Each structure stands twice: as C-alpha cells, then as structure tokens.
Amino acid sequence: MARSLSLKAYLAYARGSSGAAYVAQTPRPAGTLVWAHAVEPSHAKALAELHERLMTFRPDLTMLLTKAPGLGQLDAALGDQVIVEVLPDDTVTSAQSFLEHWSPDVGLWTGGDLKPAILNHAAETGIPLGLVDAAEPLLSRSAWRWFPDLPRSLLRSFDFVMTRDEQTSVYLKRVGVWGRNMSVSGPFLDGPVALDYNESDRDELAEIMRGRPVWLAADCLQTEAETVLQAHREITKLSHRAMLILVPAQVSDTAQFKSSLDESGLRYIEWSSGKFPEETTQVILADTEGEMGLWYRLAPISFMGSSLFAGSHGSDPNQPAAHGSAILYGPHIEDQLEAYARFAEAGGARIVRDAETLATSVKRLIPPDQSATMAHAAWDVASRSAALTEKIAERVHALLDRAGAV
C-alpha cells in the first residue's frame, strides 16, 4: 500500500522501538494457513467456528489464531488445527520475523486495535487482508493524534471490511475509506453448530414421550442436582406426566446423581442401561457421553446448568438455540455472559435463581406456543451469527483462491 506521511513517521518510530524479538512457539504447518487475530475474547470462538466452515472445502487448512498479550487464556476447545499464539510487539523487526515464519496465505483481523507495523508489512508482502466486526472505538487511539492519516492508511490495506454497526461505517466514510468492498454486517459472534444424534433413538423416544411435557437440565453440576430435582417435583404437581432429562456435567459424577435421585423419590432410568422410559418414568438420567444432540432435539425447554451457584461459569447457550429449545440459565455465567445477554435481550433466554424460579419458568413454558415463541427468538439470534460466519467464509475462500492457495 502507498505509505502516507503518518505511516512513514510511525514506522520510523516503530523501527527504533525496543521490544522482545519474536520467537515462534510452533513450526509452521504445511499447506494453507489462515492467520486470524482476536481482539476481544468473544472473537476466539467465532473464529474457531469460521475455521470449521473453511475446512468444509479445505480440510487441510490450519488457522493461526493470535491474541493481544492481555487477552487472557483462550478456550482450549478450539480444534486440533488451530494454533494459538500471542501477537508480537508492533515493531518493524518483530513484524518481519513473525510474517516470515508463518507466511500466511490470508490474514483476517477482528474488531480493530490495528497494528501499523504488522499490517503494513503484511500488505507490502502481498498477503490478502480482511477486517471483520470493525468497531469505531477500536479503530483509532489517542496516541495516534501525532499521526492523523494513520487510520486511513491502515484501513486501505484491507481487501474487504465488514463493520459492526452503522456508526462505524460513518466513521470509515469520514476518514475516506468507504468503498465497494465494505459493508455493515453486524457483530461477529459464535453461533450454533448442529450436534450429531442417533436417529432411531430419537424417533423411538419421541414416540414414547408423545404428549408428555419434556424439559432438559444440561451440563448440571452435582451441587445443582437437588435444586433441579426439587423443581421437577414441583412441576409434576401441575403436569404429572412431565419428563426431565438430567445430564451431568461429568459422567464420572453419575453415582452422586443416582444418590440424589434415590433420595428424591422420583422414578428414573439410567440411559446407559439400554432401557427406554416407561409411562411411569419421571426422569431419564443421561449418563453417557456424546449424545447432547439427541437430548436437545427431544426437549423444547433447556435449563443450562453449571450456572446456579458461585464458582460455576455457565455453559454454551448456542447449543440449545441450534436445536430449537428455549433457554433457562442461572446467574453465574461469567464465561458466557455476552452470549446469554444477546439471547436474553431477544427474548430467547430467561434467568432463574433457585428451585422455585426454575419450576415456575418451566411450568410457564410447558404450553407449546410459549416454548416455541422463546425458542424461535433464540434461533433467530443464533442463525444471524451463522449467516455472517458463512459470508466471512466466502470472502476468505475468495482471497485464498486469488492467492493461489490449494
């Protein structure tokens, strides 16, 4: 890209700045490499899901996911072909060594917090670049007041820009970079992924439980078992045929859940036994792994556990949303706060705090029209995220094709 006076001045400053030399922690894998930078914690999961979409057509594609030094630990479950590294200091020397080592086929930046030395070197070496979820507050810095043309110079290095909101598009127009490859697309967030399931089990259980109110308590900690079972006893007073599917967060805790069920007096079966529920069964103890796709498809109401008591941090609300289930959750959701906030704002999720509020919420949602309205709101939020991920994947594939990546 053509260097403005501001960019030249910044690079002269960055060239003289001291900083630790970049040393890669991982060798560059063979094949296609997409470098993606997460500016905010919410971007990490969204980028991992983007990687899954990209691998549909490029199964050997690896993603290098970089983060700012202060971003904290990223979620470990990002996939085997996602390499996580801390982005080096924004000096000319670090930028050169970083990009020479990784030699990415495409670079994808999220949010803002632009790094002039790194982005300039990427553009000069011919690496196609995209910017998604661009947000005005992240696109400039007070320290750049000495480099007035710097934001414009950096933004022109991107082959496409997708902004979080209209306010950001107005900012881009003001600095003179709005063009054909720029669009307002909304926030880039993690979205739903449909889980596998056994179709014959689903059909048989759906037939057995036809006409019965069914709700799911997913990812439950042992400390939450008594609260959930107390709520279910209250629910059965209104709907005596109500069925609870109880899924422990850890299968290794099954013995403790069985003890709680024995003490509750509720009639239950263990799914691992191979038995199917009978008319008198009140609880299915889902004590096997890898079958959440089955349970979400059967339950129009899902209470997401690991959320009721202090010390827990919440579980992923995208899963019930992806399978058409209304979402209930407890107050301790620190790891998923942003996700639950957007579902709750849309009317797709509701907070509960104890057995009484959990029972009350489930009873209100038992009428099919009530749970369906809430589930549709959750699905609408989740599907918007999925649609944007698909659009970004198309843009990245186009850049990879242009770069000649296989």
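Here are a few things to note about the model shown:
- Restricted to the stretch 283-325, and to residues there that are part of a loop (DSSP other than H, G, I, E, B), out of contact with any Phe, Trp or Tyr (no Cβ under 6 Å at 6 or more places or on another chain) and of a type in the set (A, V, I, L, M, F, W, C), the residue that is most open to solvent (accessible area, probe 1.4 Å) is Phe309.
- Ser302 being in contact with a Leu (Cβ under 9 Å, 6 or more places away or on another chain), in contact (Cβ under 8 Å) with a residue 12 or more places away in the chain and over 22 Å from Ile208 (Cβ atoms): no
- Sole exception among (1) in contact (Cβ under 8 Å) with a residue 40 or more places away in the chain; (2) touching a helix residue (DSSP H, G or I) at 6+ places or on another chain (Cβ under 6 Å); (3) buried (at least 21 other Cβ atoms within 10 Å of the Cβ) for Arg342, by number: (3)
- Pair list, Cβ < 6 Å and 6+ apart or interchain, from the stretch 272-296 residues that are in contact (Cβ under 8 Å) with a residue 24 or more places away in the chain and closer than 9 Å to Leu195 by Cβ to residues that are of a type in the set (Ser, Thr, Tyr) and open to solvent by less than 60 Å² (accessible area, probe 1.4 Å): Tyr296/Ser325
- Cβ pairs under 8 Å, 6+ apart, first in the stretch 35-59 and at pLDDT below 90, second aromatic (Phe, Trp, Tyr): Val39/Trp109; His43/Phe188; Ala46/Phe188
The values are calculated or read from the model by the stated rules, or taken from the named source; none is laboratory data. Please read these numbers as outputs of a predicted model, since none were measured by experiment. Because the Cβ atoms are built from the backbone with ideal geometry, glycine has one as well, and the counts that use them run over all protein chains shown. The area values use the complete protein model at the heavy-atom level, side chains included, leaving out ligands, DNA and RNA. Shrake-Rupley method; radii C 1.70, N 1.55, O 1.52, S 1.80 Å.
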